[in-house]
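See structure below.
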Amino acid sequence: MEIERKYLIPVLPPDYTDYPHKEMEQGYLSTAPVVRIRRADDDYILTYKGGGLMVREEYNLPLTRQAYEHLRPKTDGILIHKIRYNIPYQDKYTIELDIFLDELAPLVLAEVEFPTKEEADRFVPPDWFGEDVTFSKEYHNSVLSQRK
């Protein structure tokens, strides 16, 4: 189960480049249900996501590079390209700061995952977060991939 909140980021925090990051590429084989392939540096993953906005099922399976390369041309829409920074917050959370490149630039989003829905509901974001778009399907990566 994935429980996360998502926010627009209007201005990047000054120290974000001090944190670990990965270059990511992801495409969607299906958007209903969501079936995604992702390359994060040299890791390759196939993901299934169930319906929902803040809480939904998620299953990840490892892929080989060859399997990823085979599936890549079969994706629908644009291939999402982004840099993800992992920023610790309040000693128990990790902010996943996604800076989108290419067709989706200059979009910047942040996601925070939680162990329970109750904890997600109580979350107070840092001051540099913008609008909470958790309940807007418009900012799901699967929907963003369909922009032309």
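The values are calculated or read from the model by the stated rules, or taken from the named source; none is laboratory data. This is a predicted model, so every value here is computed, not measured. Cβ coordinates were reconstructed from backbone atoms using ideal geometry, including for glycine residues, and neighbour counts include every protein chain displayed. These accessible areas exclude ligands, DNA and RNA; they are computed on the full protein's heavy atoms, side chains included. Shrake-Rupley method; radii C 1.70, N 1.55, O 1.52, S 1.80 Å.
Quick look at the numbers
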quantity	calculated
Whole-percent carbon and sulfur share, accessible surface of the chain, 1.4 Å	52
Efficiency of FRET between Phe135 and Ile78 - r from beta-carbon atoms, R0 35 angstrom, step 0.05	0.90
Whole-Å distance, taken between Cα centres, linking region 92-148 and region 25-61	15
Restricting region 57-124 to trypsin sites (Lys or Arg not before Pro) in coil, as DSSP defines it, with at most 13 other Cβ within 10 Å	Lys92
Phi-based couplings in Hz for region 93-109 (Karplus 6.51, -1.76, 1.60; Gly and Pro marked x)	10, 10, 7, 9, 8, 9, 9, 7, 10, 6, 4, 9, 5, x, 4, 9, 10
Label-point separation in nm, Glu113 to Asp18, each point 7 Å along Cα→Cβ	2.5
Solution diffusion estimate, µm²/s, Stokes-Einstein, region 24-135, Kirkwood Rh from C-alpha pairs, 37 °C, viscosity 0.692 mPa s	211
